[in-house]
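Notes to accompany the following structure.
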Amino acid sequence: MTDAGTSLTVIHCDLDAFFAAVEQRDNPSLKGKPVIIGGQPQSRGVVATASYEARQYGIKSAMPLTQAYRLCPHAVFLPVDMGRYKEASRQVLAILSSYTPVIEPLSIDEAFLDVSGCTSIFGFAEKIAESIKRRVKTEVGLNISVGISYNKFLAKLATELGKPDGLEIIRPEEALDILRPLPVSYLWGVGAKSQQKLKSLGINTIGELRQIKPEKLEKHLGSPAFLLWELANGIDKRKVEPYRERKSIGKETTFQHDVDDFSKLEKTMLYFAGLIGRRLREENMSARKITVKVRYSNFKTVTRSKTLREPFDSDSAIYNAAGELLKQVYNAGEKVRLIGLYVGSLQLNGSWEQGTLFTDDQTQPNVHLDKVLDKIRQRFGQDVITRASLLERKRKKRRP
Ligand code: TTP
Ligand code: MG
């Protein structure tokens with residue numbers, strides 16, 4: 001049966017053994033081995049995560065490393081390398097947000113998508129899920145488990161039940177049967193305490209909880225009882241709420257020696273525009289607001305902002321607006337200690353909003369050029385390629 005025309009519009013995604021999977025991806029000799037992320041086995045820290053091979057020994061997140069070592073002394077223990085995990089997380093988020101702007105990241109490796117608005121473009125939720133899994137595997141080199149259902153609770157449950165490398169669907173007609181035998185701990189908000197309380201009432205499974213009137217449950221659990229009862233019945237009214245992880249992206253620098261050369265200030269802005277533009281595009285985001293900050297040598301600080309009518313993500317759009325603002329705020333001749341450039345009013349791009357790839361119009365931002373530059377910089381570093389205007393001009397030779 002296909003999910004055509006049904007209410008299966010919520011997708012939940014969660015990377016498998018995320019930190020450990022990044023390590024195994026980047027060091028193939030770790031593939032197939034128990035890998036534990038968190039630090040050295042003798043240290044006082046806890047396990048951040050463990051590869052599925054290590055989980056066979058009973059190793060779990062938040063377990064003391066010393067205990068993990070006792071359970072699996074031959075495991076490879078590695079420290080947390082957050083920078084690389086964040087980079088992978090950004091890449092995955094960019095893939096997810098190319099399907100819909102209605103995306104709610106929950107953590108570094110987990111997000112909800114509401115695909116009700118885009119199934120006509122990309123196909124039904126199952127097709128979108130297959131495409132997400134394929135792209136995350138080929139473009140980022142990681143396995144992502146995906147769950148589909150008609151609400152958030154059940155989509156997340158589908159992911160959980162399908163792990164690892166799963167693609168599970170919970171359809172309306174099967175939801176109650178799937179929920180019935182599961183322990184109450186599968187319900188959101190049921191921690192060890194509530195589980196214990198429910199147990200004392202003779203309730204261990206979701207099916208058993210469903211038999212109790214919510215009013216009776218309320219006497220023991222307080223007002224959350226009604227929500228729990230709804231969840232137990234496959235009802236979850238919460239919407240996928242897109243939220244902006246960050247309010248702004250920016251860059252600032254304090255000069256080693258105060259600067260009163262306007263062209264140097266402009267060049268710094270151009271450099272910042274390149275960094276910020278790349279970041280926006282990597283995260284498939286656009287901005288509408290731009291802010292320039294100037295701190296003079298006497299510490300007087302001036303900022304000026306401008307909100308553009310159209311969202312932008314190109315280096316040139318950022319630079320043009322920043323240059324204009326800089327001209328407005330900078331008092332010619334005054335020495336500058338620090339300058340900064342920020343973009344705000346961020347939004348995720350819908351895939352259908354992506355800009356024109358090629359443009360002959362020189363006044364339009366050259367999106368294609370930005371993307372080519374991004375690819376080069378991704379491989380070789382930000383500074384490997386630079387705009388001609390950032391290079392110190394060689395002095396022209398005098399004609400004889
Ligand atoms: P999870 O998604 O909970 O775990 P996971 O991705 O490692 O494994 P899976 O989803 O397949 O069950 O968390 C994502 C990352 O967050 C995880 O790789 C490491 C980090 N993390 C911690 O640092 N401490 C924790 O207690 C947990 C649960 C996760
Ligand atoms: Mg995960």
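The values are calculated or read from the model by the stated rules, or taken from the named source; none is laboratory data. In this text the structure is predicted, and so the values were computed from the model without any measurement. Don't worry about glycine lacking a Cβ; one is built from the backbone with ideal geometry, like all the others, and counts go over all protein chains shown. Heavy atoms of the whole protein, side chains included, go into the accessibility calculation; ligands, DNA and RNA do not. Shrake-Rupley method; radii C 1.70, N 1.55, O 1.52, S 1.80 Å.
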key: Accessible surface, region 176-232, averaged per residue in Å² (probe 1.4 Å)   = 60 Å²
ask   = Where the accessible area of region 1-171 is counted over protein heavy atoms with a 1.4 Å probe, how much of it, in %, is carbon and sulfur?
value = 54 percent
key: For peptides 294-303, 335-344, 11-20, sequence by mean Cβ density within 10 Å, most packed first   = 11-20, 335-344, 294-303
note = With the 1.4 Å probe rolled over protein heavy atoms, region 1-171 has an accessible area per residue in Å² of 42 Å²
task = For region 318-329, just list the computed ³J(HN,Hα) in residue order, Karplus coefficients 6.51, -1.76 and 1.60, θ = phi - 60°, integers in Hz, with x standing in for Gly and Pro.
result = 5, 5, 4, 5, 5, x, 4, 5, 4, 4, 5, 8
query = Share of region 172-256's accessible area from carbon and sulfur, percent, 1.4 Å?
reply = 53 percent
key: Amide H partners (placed H, <5 Å) of Ala48, local residues excluded   = Ile37, Gly38, Ala62
key: More than 12 Å apart - percent of Cα-Cα pairs taken over region 77-129   = 67 percent
ask   = Taking a ≥ b ≥ c as the square roots of the eigenvalues of the Cα gyration tensor of region 155-194, is the shape rounded (a/c under 1.5), prolate (a/b larger than b/c) or oblate?
value = oblate
ask   = Which one of Gly39, Ala111, Phe122 has its Cα pushed farthest toward the positive end of the charge dipole of region 1-171, where Lys and Arg give +1 and Asp and Glu give -1 at the Cβ?
value = Gly39
task = Tell me the trypsin sites (Lys or Arg not before Pro) within region 72-141 that lie in a loop according to DSSP and have at most 12 other beta-carbon atoms within 10 Å.
result = none
task = Step through the residues of region 109-118 one at a time and calculate ³J(HN,Hα) from phi using the Karplus curve (6.51 cos²θ - 1.76 cosθ + 1.60, θ = phi - 60°), rounding each to whole Hz and writing x for Gly and Pro.
result = 10, 8, 7, 9, 10, 9, 9, 5, x, 10
task = Rounded, prolate or oblate: pick one for region 62-211, where a ≥ b ≥ c are the square roots of the eigenvalues of its C-alpha gyration tensor, a/c under 1.5 means rounded, and failing that, prolate if a/b is larger than b/c, else oblate.
result = oblate
query = Under 30 Å from the Cα of Lys33, which lysines turn up, not counting those fewer than eight places away in the same chain?
reply = Lys60, Lys86, Lys133, Lys137, Lys156, Lys163
task = Using only the alpha carbons of region 1-143, determine the length spanned along each of the three principal axes and report them from longest to shortest in whole angstroms.
result = 54, 30, 25
remark   = Among Leu182, Asn204, Phe226, the residue whose Cα sits farthest towards the positive end of the charge dipole of region 176-232, when +1 is placed on the Cβ of each Lys and Arg and -1 on the Cβ of each Asp and Glu, is Asn204
